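Here the structure is laid out as structure tokens; the discussion comes afterwards.
Just so you know, all these numbers are worked out from the coordinates, no wet-lab data involved. Keep in mind that this is a model prediction, so the values were computed, not measured. Don't worry about glycine lacking a Cβ; one is built from the backbone with ideal geometry, like all the others, and counts go over all protein chains shown.
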Amino acid sequence: MKKALIISLIVFQLLSCQKNDKKSAKIASNNITMEVPNCLYPQLKAGYSAEKSETDYPNYEYKISDLDCSIPLLDRELQKKSFKFLSPEDFSTKVYEIFHRKIDYGKTTKYLYIDGNNACNKEIIYNKNSDDEMVPQSYYLVKNKSFITELLSIPEIIDYQKEFPESIKYEEEQVNKNQGDVKITKWNEDKNLAQIRNNNIEKLVSRNLFLFNDKNEQLTWLLSNDESFLEMLCKVYGYDNNDKINQHFIKKIIVNNSIDQNINFFVNESCGKKLVIHKNFINSFNNTLKISKKSNDAIILKNIASRVMSSPEYEKFSREDKVMLVSYLANVFDPLFKTYHNDNTDWGTLTILADAKEFYDAEWNEITSIIVKNNYYNLPNLKMSLDYANQFDSVGAPD
């Protein structure tokens, strides 16, 4: 009898636990289900796109509530892909390494805003990256979840008709294609929506696995499918610690050596109005040039140095900053010039430092003093390059 009573109690407890587990799962599911339609229906009503007088029309203003209700769904997608959510301390460290931003967990703000065009802009706006021409490109670091995302509409994340069947009737009956003088395209009319969703989730997962879980295997996909995001990291935030990314963009620079398009791979302006040299990128470029040995591949270094020395837009920077940048570029270009300039005339007649000597003229001794005082910036080829530059005369190179 006593044994039967014990068994009955155990069975009752197990059934109670199962019931509680089901209840908890239902509540967790309901938390998402209850929250998402609050922003889903306004998004459905606004449509996938809109036009007025045959011109694209912004029919919906995104707000923090749109970002808020997307987070549980994005979180779920990351969990599906076994993303490891970092502790606040580890996430904060990673964010500072990548974006040079500090997360203040003492503030009640939910997100740290990342402006994809201006690293110094920290004022949050709620902006969709609808295409690469959208300015600014906007990203959001989710403080309590430790991941980065764009602002996405709910239909761009999940199959909303499958997850929220009640939305089908709403979209059919409550969403009008003609809203006054504005004509909308409904979300359910976009034939590419499934593909858009898949791409958005792939970006979300690949970016976060690569940046915060150190999953380098994601890089192949990112380089092929999310190049603009990686370019933003390199040019705007000076992310130059990955040689594979550096080499990817170096190949493109060699094909198109436009200074305007490429200078920020090498140097950028800090929020404190100082020049920030992307030393690892320059080192990767040096490794490429050692193999190619082509003047056309290297010429962008000389062109950047010339612009920094002579262009009015760089007058706001200190002479010390400019001399340091020119030195880093000369450390790569000038030894190659010395070795190969007699093989063909494509190398021109001056090294970077010889050009600087000619440009600064009477002030050259001051420039030299800055370089020497800084112990040649610990650059291996700079002393030799400076000595070589001092041997140039009106005829040209000494050799």
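Sorted by average packing, counted as other Cβ atoms within 10 angstrom per residue and highest first, what order do 358-364, 226-232 take?
Ranking the peptides 358-364, 226-232 by packing returns 226-232, 358-364.
With a ≥ b ≥ c the root eigenvalues of the C-alpha gyration tensor of segment 326-377, is it rounded (a/c under 1.5), prolate (a/b larger than b/c) or oblate? Don't jump to the answer; show the numbers that get you there.
Working: a/c = 3.50, a/b = 1.68, b/c = 2.08.
Oblate, since a/c reaches 1.5 and b/c is not below a/b.
To one decimal place, what orientation-averaged projected area in nm² is obtained for the convex hull of the Cα set of segment 79-227?
Working: hull surface 45.1 nm².
Projected area, direction-averaged: 11.3 nm².
Against the longest principal axis of the chain, how steep is helix 279-292, in degrees 0 to 90 to the nearest 10, with axes from Cα atoms?
Between helix and principal axis, roughly 60 degrees.
Under a 5 Å amide H to amide H cut-off, with H placed in plane at 1.01 Å, what residues pair with E269 once short-range neighbours are removed?
Amide H to amide H, under 5 Å and 5 or more residues apart or across chains, E269 pairs with V276.
Counting only residues 5 or more places away or on other chains, whose amide H sits under 5 Å from the amide H of S49 once H atoms are built in the peptide plane?
T185
Using unit Cβ charges (K, R positive; D, E negative) and no other charged atoms, how large, in debye to the nearest 20, is the dipole of segment 278-358 about its Cα centre?
Dipole magnitude for segment 278-358 comes out near 180 debye.
Along the charge dipole of segment 240-389, pointing to its positive end and built from +1/-1 on Cβ of Lys, Arg, Asp and Glu, which listed residue (N242, N378, Y340) has its Cα farthest out?
Highest projection toward the positive end goes to N242.
Take the Cβ-Cβ distance between K102 and I299 as r, set R0 to 30 Å, and report the resulting FRET efficiency rounded to the nearest 0.05.
0.15
Between W187, F147, N256, whose Cα lies farthest towards the positive end of the dipole of the chain when Lys and Arg beta carbons carry +1 and Asp and Glu beta carbons carry -1, centred on the Cα centre?
F147
Let me check the size of segment 240-389 from its C-alpha atoms; what are the radius of gyration and Dmax in Å?
Cα-based Rg and Dmax for segment 240-389 come out at 14.6, 44 Å.
Roughly what angle does helix 364-373 make with the longest principal axis of the chain, taking Cα atoms, 0 to 90 degrees, to the nearest 10?
60
Taking a label point 7 Å from the Cα of S310 along the Cα→Cβ vector, which residues of segment 343-379 have an amide N closer than 16 Å to it?
The answer is 348-362, whose backbone nitrogens lie closer than 16 Å to the label point.
Where Lys and Arg each count +1 and Asp and Glu each count -1, what net charge lies around C271 among other residues with Cβ under 11 Å from its Cβ?
Once all neighbours under 11 Å are counted, the net charge is +3.
Assuming 0.36 nm per residue, please report the length gained on full extension of the stretch K383 to M134 beyond their Cα-Cα distance. Don't skip to the answer; put the middle values down first.
On the way: separation 249, 0.36 × 249 = 89.64 nm, distance 4.55 nm.
Using 0.36 nm per residue and subtracting the Cα-Cα distance, I get 85.1 nm.
Go ahead and run the numbers for FRET between Q79 and Q195, Cβ-Cβ distance against an R0 of 30 Å, rounding to 0.05.
About 0.85, to the nearest 0.05.
Among the lysines, which fall within straight-line cross-link reach of K273, defined as a Cα-Cα distance under 22 Å, with same-chain neighbours fewer than 8 residues apart omitted?
Cα-Cα hits under 22 Å: K102, K122, K235, K316, K322.
How do the peptides 376-382, 47-53 rank, highest first, by the average count of neighbouring beta carbon atoms within 10 Å per residue? Don't jump to the answer; show the numbers that get you there.
Values: 376-382: 15.3, 47-53: 16.9.
Answer by packing, highest mean first, reads 47-53, 376-382.
Any idea what the relative contact order of the chain is, in percent, if you count C-alpha pairs under 8 Å spaced at least 6 apart?
It comes to 12 percent, rounded to a whole number.
Would you kindly derive the ³J(HN,Hα) couplings of segment 263-274 from the backbone phi angles with the Karplus curve 6.51 cos²θ - 1.76 cosθ + 1.60 (θ = phi - 60°), listing them in order in whole Hz, with x for Gly and Pro?
Result, rounded to whole Hz: 4, 6, 6, 9, 7, 9, 9, 6, 5, x, 6, 10.
Rank-order 145-152, 323-330 by packing density, defined as the average count of other C-beta atoms within 10 Å over each peptide's residues, highest first. Walk me through the numbers on the way to the answer.
On the way: 145-152: 22.0, 323-330: 23.6.
Highest mean packing first, the order is 323-330, 145-152.
Going 7 Å from the Cα of S369 in the Cα-to-Cβ direction, what parts of segment 309-335 have a backbone nitrogen less than 20 Å from that spot?
So the set is 318-327.
Against the longest alpha carbon principal axis of the chain, how many degrees, from 0 to 90 and to the nearest 10, is the axis of helix 227-237 turned?
So the inclination is approximately 60 degrees.
Show me, for segment 211-217, the HN-Hα J-couplings you get by feeding each phi into the Karplus relation (A = 6.51, B = -1.76, C = 1.60, θ = phi - 60°), rounded to Hz, glycine and proline as x.
Those phi angles translate into 6, 10, 10, 6, 8, 5, 5 Hz.
Work out from phi, with θ = phi - 60° and the Karplus expression 6.51 cos²θ - 1.76 cosθ + 1.60, the ³J(HN,Hα) of each residue of segment 175-190, listed in order in whole Hz, and give x for Gly and Pro.
Coupling constants for segment 175-190: 9, 9, 5, 10, 10, x, 8, 10, 10, 10, 9, 5, 4, 6, 9, 7 Hz.
Hull surface divided by four, with the convex hull built on the Cα atoms of the chain: how many nm²?
Averaged projected area of the chain's Cα convex hull equals 29.8 nm².
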